[in-house]
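*Asks:* Dropping a structure here in structure tokens format, bear with me for questions.
The values are calculated or read from the model by the stated rules, or taken from the named source; none is laboratory data. These numbers come from a predicted model, not from an experiment. Cβ coordinates were reconstructed from backbone atoms using ideal geometry, including for glycine residues, and neighbour counts include every protein chain displayed.
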Amino acid sequence: MTHGVEYMSGGIGSDEAQLMETVLPRWPASFEFAIKDHKGAEFAANVHVTVRDSSGVALLDNVVSGGPFMVARLDPGNYEVEAQLGNQVLKQQLRVPQGASAKATFVWPAGTDMASAGTRAVQ
């Protein structure tokens, strides 16, 4: 938990990935991280994530995802999500609706700096 926001990350290995995919719909916000080239995609880990509310206040500030999935208990509203892998930063807007969940997927191009450990092919 940081700044009053509960979050969880993981998904390395097939059992952990299956568990994360099961819990994703139960959290208001979920994020998925991958690296893609012309051959396919691999899940990415060790992604630095920052989530800002509509006022620009960082609710999650540079937290590190321990796997290709991250979930967060965000209140309904609009957010900017920034995900950094190596020196490449991707940003997306995310709207969390009342009583439902929202998902953002971040895909970096092949060659993005990261350790190859902890990756697996995206189904």
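*Asks:* Between a residue in region 79-100 that is without any contact (Cβ under 8 Å) to a residue 40 or more places away in the chain and any residue that is surrounded by 13 or more Cβ atoms within 10 Å (Cβ to Cβ) and among the basic types (Lys, Arg), which pairs come within a Cβ distance under 6 Å, given they are 6 or more apart or on different chains?
*Replies:* Cβ pairs passing all conditions: GLU80/ARG52; GLU82/LYS91.
*Asks:* In region 12-28, is there at least one residue being part of a strand (DSSP E or B) and surrounded by 12 or more Cβ atoms within 10 Å (Cβ to Cβ)?
*Replies:* Checked against the condition, which is being part of a strand (DSSP E or B) and surrounded by 12 or more Cβ atoms within 10 Å (Cβ to Cβ), region 12-28 yields no hits at all.
*Asks:* Go through region 12-37 and give me each residue that's small (Gly, Ala, Ser) and at pLDDT 90 or above.
*Replies:* ALA29, SER30, ALA34
*Asks:* Could you pull out the residue among ALA41, ALA45, ALA83 that is surrounded by 12 or more Cβ atoms within 10 Å (Cβ to Cβ), out of contact with any helix residue (DSSP H, G or I) (no Cβ under 9 Å at 6 or more places or on another chain) and assigned to a loop (DSSP other than H, G, I, E, B)?
*Replies:* ALA45
*Asks:* Would you please name the residue that is farthest from the chain's Cα centre (by Cα), looking only at residues in region 54-66 that are among the small types (Gly, Ala, Ser) and farther than 19 Å from PRO28 by Cβ?
*Replies:* GLY56
*Asks:* Which of the residues that make up region 1-11 are surrounded by 19 or more Cβ atoms within 10 Å (Cβ to Cβ) and among the charged types (D, E, K, R)?
*Replies:* Answer for region 1-11, where residues must be surrounded by 19 or more Cβ atoms within 10 Å (Cβ to Cβ) and among the charged types (D, E, K, R): there is none.
*Asks:* Further question on the same structure: Among the residues of region 49-78, write down those that are part of a strand (DSSP E or B), without any contact (Cβ under 8 Å) to a residue 60 or more places away in the chain and closer than 15 Å to LEU94 by Cα.
*Replies:* Those that are part of a strand (DSSP E or B), without any contact (Cβ under 8 Å) to a residue 60 or more places away in the chain and closer than 15 Å to LEU94 by Cα: VAL49, THR50, VAL51, ARG52, ASP53, ALA58, LEU59, LEU60, GLY77, ASN78.
*Asks:* In region 52-68, is there at least one residue being surrounded by 17 or more Cβ atoms within 10 Å (Cβ to Cβ) and among the basic types (Lys, Arg)?
*Replies:* yes
*Asks:* Go through the residues of region 32-48 one by one and say whether even a single one is in contact with a Ser or Thr (Cβ under 6 Å, 6 or more places away or on another chain), within 18 Å of TYR7 (Cα to Cα) and without any contact (Cβ under 8 Å) to a residue 60 or more places away in the chain.
*Replies:* Yes, region 32-48 contains at least one residue that is in contact with a Ser or Thr (Cβ under 6 Å, 6 or more places away or on another chain), within 18 Å of TYR7 (Cα to Cα) and without any contact (Cβ under 8 Å) to a residue 60 or more places away in the chain.
*Asks:* Name the residue, out of SER55, SER65, that is of a type in the set (Ser, Thr, Tyr) and under 20 Å from GLY111 (Cα atoms).
*Replies:* Criteria check complete, one pass: SER65.
One line per residue, one yes/no per condition, for (1) more than 21 Å from ASP15 (Cα to Cα); (2) modelled with pLDDT of 95 or more:
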{"residue": "LYS39", "(1), (2)": "yes, no"}
{"residue": "PRO68", "(1), (2)": "no, no"}
{"residue": "VAL89", "(1), (2)": "yes, yes"}
{"residue": "ALA104", "(1), (2)": "yes, yes"}
{"residue": "SER116", "(1), (2)": "no, no"}
{"residue": "ALA121", "(1), (2)": "no, no"}
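*Asks:* Looking at PRO76, is it more than 15 Å from the chain's Cα centre (by Cα), surrounded by fewer than 15 Cβ atoms within 10 Å (Cβ to Cβ), modelled with pLDDT of 95 or more and of a type outside the set (S, T, N, Q)?
*Replies:* Judged against the criteria, PRO76 is a match.
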